[in-house]
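K.L.:
Take a look at this one; I'll ask things after.
The values are calculated or read from the model by the stated rules, or taken from the named source; none is laboratory data. Predicted model only: the values in this text are computed from it and were never measured. Glycine also receives a Cβ, built like all others from the backbone with ideal geometry; neighbour counts cover every protein chain displayed.
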Amino acid sequence: MSTLVVLGSGIMATALATPWTDNGGEVRLVGTFLDREIIDSIKTTGVHPNLKLKVPEGVTAYQLEEAEQAFEGAEYVMSGVNSFGVDWAGEQFAHLLKPGMNVIALAKGVQADDDGNFTILPKALANKVPEDVRNQCTWSAIAGPSIAGEVAVHRHTSVVFTSEDREVAEMWKSKFETDFYHVWTSADFTGVEACACTKNCYALGAGFMQGLLDAMGDEAGDLYVNFNYGAALFGQASIEMQQWVEFFGGDPRTVMGLPGIGDCFVTSMGGRNVRVGRLVGSGLTFSEAKAKMPGVTLEGAAAIVVMGKALERLTERGVIPAEQFPLLRHLYQVVGLDAKVDLPWKSFFGTNGSGY
């Protein structure tokens, strides 16, 4: 029996216990300091309160102070925290990981230093672990269109597992893949992670489409909706995602599959990033919209701010031309600087509307 220990008991980390246990494995689910009520619920009732489902047989819940017990003897480790918790998770792994462990990460996002230099989150996670241990572990990540609840109830889901060593990604695939959880592998670690980050940014902008209709009044969408607007945004996002992947050093073709366009599509269909984008599209500033969603984690907004600030610095340094990434730059104005939505249409799809 393969044992997977998961740090973080959010809905995606917990949902992934379903394919793992379907394959006969054991899952040790360790809550963070924010997850005490979740772990208590699973321990007493077997129900994850946010998923509103019973966790599978084969899942054992542990509070954070029980983490060392949970990690004992495990060969497979998952970082199940979101992008805000990556540094914290790395600090926990610094004393919990042992040489020979295989680590896979879920968080989608990016970090940047003051000069605009980016670090993908699996690298940021690994960098917190002492080098002697870090170099004796393997590091992988999961990306692609995956709604947690759908995974937990066995809906068909297609994802990509990525590692710099494709054999490692294939090893993870063999542990997770089932007749409903379909896994492809990629050695384009950087490209996949660049997709995972940027798709959240552009998906927030997808909410503008419905927000504009909201601002027009209840009857605005009865006859015609706003799909032309949304399609143009999605098209420009697709171009910029390819440019970002190339800038990060990945393969731009990765964008055209599950980690890029596929994941951007599912994220654009709904969720917290789209909801806040819809509020902003209706005429609110981002600060006003965020205030209407207290306690909600907005990873897409956080990624926009990180990337937008870095983009400004990289442009100042002459690394990226000022005309590149017009949609991301506007998203940063909206989210980071509370500007109103006023899309720079003529800068899309080439310069001044003159073509590709």
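K.L.:
What helices (runs of 4 or more DSSP H) completely inside the range 88-161 contain at least 3 residues that are surrounded by 22 or more Cβ atoms within 10 Å (Cβ to Cβ)?
P.N.:
121-127
K.L.:
Taking the range 282-304 as the region of interest, how many residues are crowded, with 18+ Cβ neighbours inside 10 Å and either closer than 13 Å to Ala203 by Cα or hydroxyl-bearing (Ser, Thr, Tyr) (or both)?
P.N.:
Number satisfying all stated conditions: 8.
K.L.:
Note down all Cβ pairs under 9 Å where the first residue falls in the range 258-280 and is closer than 12 Å to Met241 by Cα, the second is aromatic (Phe, Trp, Tyr), and they're at least six residues apart or on different chains.
P.N.:
Note: pairs meeting the criteria are Ile261/Phe234; Cys264/Tyr202; Cys264/Phe234.
K.L.:
Only helices (runs of 4 or more DSSP H) wholly contained in the range 248-356 count here; list those with 3 or more residues that are more than 17 Å from the chain's Cα centre (by Cα) and aliphatic (A, V, I, L, M).
P.N.:
299-316, 326-337
To keep it simple, each residue is scored yes or no on (1) buried (at least 19 other Cβ atoms within 10 Å of the Cβ); (2) charged (D, E, K, R).
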site	(1), (2)
Trp244	yes, no
Phe247	no, no
Gly250	yes, no
Val255	yes, no
Gly260	yes, no
Arg272	no, yes
Val276	yes, no
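Residue-by-condition table, conditions (1) of a type outside the set (A, V, I, L, M, F, W, C); (2) over 28 Å from Ile320 (Cα atoms):
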| site | (1), (2) |
| --- | --- |
| Phe208 | no, no |
| Gly217 | yes, yes |
| Tyr229 | yes, no |
| Glu246 | yes, no |
| Pro252 | yes, no |
| Gly271 | yes, yes |
| Gly283 | yes, yes |
| Glu288 | yes, yes |
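K.L.:
For the range 237-257, which positions are polar (S, T, N, Q) and touching a residue at least 24 places away in the same chain (Cβ under 8 Å)?
P.N.:
Ser238, Gln243, Thr254
K.L.:
Scanning for something of a type outside the set (A, V, I, L, M) and in contact with a strand residue (DSSP E or B) (Cβ under 6 Å, 6 or more places away or on another chain), does the range 295-307 turn up at least one residue?
P.N.:
No, the range 295-307 contains no residue that is of a type outside the set (A, V, I, L, M) and in contact with a strand residue (DSSP E or B) (Cβ under 6 Å, 6 or more places away or on another chain).
K.L.:
Can you go through Phe247, Phe265 and tell me which one is touching a helix residue (DSSP H, G or I) at 6+ places or on another chain (Cβ under 9 Å), of a type in the set (Phe, Trp, Tyr) and at pLDDT below 95? Even if it seems obvious, please write down each step before you answer.
P.N.:
Values: Phe247 fails: at pLDDT below 95.
Going through Phe247, Phe265 in turn, the sole match is Phe265.
K.L.:
Criterion first (modelled with pLDDT under 95, part of a helix (DSSP H, G or I) and aliphatic (A, V, I, L, M)) does Leu213 satisfy it?
P.N.:
Yes; evaluated as a whole, the condition is true for this residue.
K.L.:
I'd like the residue in the range 171-192 that is of a type in the set (Asp, Glu) and surrounded by 16 or more Cβ atoms within 10 Å (Cβ to Cβ) and, out of all such residues, is farthest from Ala15 (Cα to Cα).
P.N.:
Just the residues of the range 171-192 that are of a type in the set (Asp, Glu), to begin with: 177, 179, 188.
Filter once more, so that each one left must be surrounded by 16 or more Cβ atoms within 10 Å (Cβ to Cβ): 177, 188.
Details: Glu177: 14, Asp188: 25 Å.
The residue in question is Asp188.
K.L.:
Note down all Cβ pairs under 7 Å where the first residue falls in the range 45-60 and is at positive phi, the second is among the hydrophobic types (A, V, I, L, M, F, W, C), and they're at least six residues apart or on different chains.
P.N.:
Going by the 7 Å Cβ cut-off, the qualifying pairs are Gly46/Val55; Gly58/Val27.
K.L.:
Next question. Condition first: basic (Lys, Arg), without any contact (Cβ under 8 Å) to a residue 40 or more places away in the chain and touching a strand residue (DSSP E or B) at 6+ places or on another chain (Cβ under 9 Å). Can you find one or more residues in the range 14-37 that meet it?
P.N.:
no
K.L.:
Scan Ile147, Ile120, Ile104, Ile142 and give me the residue that is of a type in the set (A, V, I, L, M) and under 30 Å from Gly318 (Cα atoms).
P.N.:
Ile120
K.L.:
Separate question: Checking the conditions here, which among Asn102, Asn50, Asn82 is of a type in the set (S, T, N, Q) and touching a Cys at 6+ places or on another chain (Cβ under 9 Å)?
P.N.:
Answer to the selection: Asn102.
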